[in-house]
Every structure is written in C-alpha cells, then in structure tokens.
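The values are calculated or read from the model by the stated rules, or taken from the named source; none is laboratory data. None of the values given here were measured: they were computed from a predicted structure. Reconstructed Cβ throughout: ideal geometry from the backbone, glycine too, with neighbour counts over all protein chains shown.
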Amino acid sequence: MGRVLVVEDEPAIAELIALNLRHQGFEVVVAADAEAAQAQIDRVLPDLVVLDWMLPGASGVQLARRWRADPRTREVPLIMLTARAAEADTIAGLDAGADDYLTKPFSPGELQARIRAVLRRRAPSALDLPVEAGALRLDPGSRRVSHGSGGARVELKVGPTEFRLLHVLMSHPERVHTRSQLLNRVWGDHVFIEERTVDVHVKRLREALAPAGAQGMVETVRGAGYRFVAQPGADGEGAA
C-alpha cells in the first residue's frame, strides 16, 4: 500500500494511528518530534506524512513549510492533525502546504478515507489502480503490463524494477523526470544508488516494451531525463 510517516508526540494517538494503518496494509514509521521526523524524511521519503500541528521543537506547520520549500520533499502528501478547529487555523495549515486537515478527535476510518483520497489526488502510483496510455496498460494489482486492444491484448514480460519505473512514468505522462527524481520514486530515495543505474533500467524497460513496438513511448530528453509519451516521436527526441 505504501509507507506512511506518522509525526505525533502523544504515544497513545500515535500507536492508534499506526495500528490501524498497519492493519490496512501500510508500512508505518512513527516520529515523536520534529527532529525525529526530519531524520526519517532524510533517510527515506514516505508516500505520505500524517503530521501533528503541536510538536516539541518545531511545529507541524513549520515542518510543512520547510518540506514544501525543499524540491526533494515538495510533492510528499501531507495530512495535518490538530486540536485547533477555528477556520483561521485550518487556513494556516492548508497555506503551509497540507493537502488535508483533520481535527481531533477523529475516527480511524475517517483518517483512512482522507489518506486514500489524498493519495489518489497526489500520488496515483501509490494505489492499485490500472494506468492506461495509448494501447499500453499497466495493472498494479496483478503486476501485469499488456499492449493492444480488446481481446487482442498481448502481455509483456517486465521485471519488478522496470515495472515500478514504468508505473511512475505512465502515472505522469509528458512530464520530464530527472534521474534523481526517478531514483527517489522507484528506488525509495536510496542515496547510495548511482544515477546511471536509471539508464540501465530504462534500457531494460525499452527492451521489454519492444515486442509490442512500444519502446518509443519512453523518451530520452537530452540534458534533462526521461518522459513517457502516448504518441512516440510526436514532440520528443526519441528513445535514444
């Protein structure tokens, strides 16, 4: 399902959130203050952060502003938790960069629904929803990639890393992704992997798409990175 960072200094609330999210299939990491939260973010980017407003040290609003100002963490979805119910506080939380705002007390079911909604809006690749572009179809639930239409679809053999790479690219068609961005999203922000590793897996992905003649859908943008196009060769620089 994905990795969720829960930043909450009240142990009982943090444990309740973590327990319910793990039951839903999420991998959960808990941080009790701003310093611990930043350390977790620096280590591995989560798919979503559940962030309490009131924390020891820097507040949740300060953390949200810091992460939104950093290109590395700018797109990480944030749900803010707070006991503050005033409209001005809600606006302050959203202005700081929160994608959603939940006032305490709340039910675990409501938080789960908010998380699913935010992931659907901000990170479709984190959900098991099929992605289609042109004649190519990727189904995260069955881990299958196929090409064609109707009953004439042909399944393509794509390795696990190439599958994740294709999922990221197809989820954001026409967007140029740098090698560093692809490392973060496909390899989980593992800082010890060299950027040229991306080139190797792009080559393997194209080889996997070649039997369907779809290798040109993954374009190289010279000096920038890679992008996925439904119509190869229309505006890009090809698959070189």
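Surrounded by 15 or more Cβ atoms within 10 Å (Cβ to Cβ) and modelled with pLDDT under 90: is that true of P56 in this structure?
No, not satisfied.
Quick check: is even one residue across region 189-210 of a type in the set (V, I, T) and modelled with pLDDT under 85?
Looking through region 189-210, at least one residue is of a type in the set (V, I, T) and modelled with pLDDT under 85.
With the structure loaded, tell me whether V186 is of a type in the set (V, I, T) and exposed (fewer than 14 other Cβ atoms within 10 Å of the Cβ) or whether it fails that test.
no
Conditions (1) touching a Lys or Arg at 6+ places or on another chain (Cβ under 8 Å); (2) within 30 Å of T178 (Cα to Cα); (3) assigned to a helix (DSSP H, G or I); (4) of a type outside the set (D, E), marked per residue:
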| site | (1), (2), (3), (4) |
| --- | --- |
| P46 | yes, yes, no, yes |
| V49 | no, yes, no, yes |
| R68 | yes, yes, yes, yes |
| V76 | no, yes, no, yes |
| I91 | no, no, yes, yes |
| A98 | no, yes, no, yes |
| F106 | no, no, no, yes |
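Contact list please: Cβ distance under 8 Å, first residue in region 65-77 and β-branched (V, I, T), second residue in a helix (DSSP H, G or I) and loosely packed, with under 11 Cβ neighbours inside 10 Å, pairs at least six apart or on different chains.
Nothing qualifies.
Select from region 113-131 the residues that are in contact with a helix residue (DSSP H, G or I) (Cβ under 7 Å, 6 or more places away or on another chain) and modelled with pLDDT under 85 and write down the one among them that is farthest from Q231 (Cα to Cα).
Out of the qualifying residues, it is L119.
Given the conditions (1) modelled with pLDDT under 80; (2) under 23 Å from the mean Cα position of the chain (by Cα), and given that A85 satisfies all but one, which numbered condition is not satisfied?
(2)
For region 59-74, what are the residues that are closer than 11 Å to Q38 by Cβ, surrounded by fewer than 15 Cβ atoms within 10 Å (Cβ to Cβ) and within 18 Å of the chain's Cα centre (by Cα)?
Matches in region 59-74: D70 only.
Can you give me the ranges of the helices (runs of 4 or more DSSP H) entirely in region 132-226 with at least 2 residues that are of a type in the set (D, E, K, R), touching a helix residue (DSSP H, G or I) at 6+ places or on another chain (Cβ under 8 Å) and over 25 Å from V44 (Cα atoms)?
Once the helices (runs of 4 or more DSSP H) in region 132-226 are filtered for at least 2 residues that are of a type in the set (D, E, K, R), touching a helix residue (DSSP H, G or I) at 6+ places or on another chain (Cβ under 8 Å) and over 25 Å from V44 (Cα atoms), what remains is 196-209.
Take region 25-66 and flag every residue that is farther than 18 Å from A98 by Cα, charged (D, E, K, R) and out of contact with any Gly (no Cβ under 8 Å at 6 or more places or on another chain).
Result: D42, R43.
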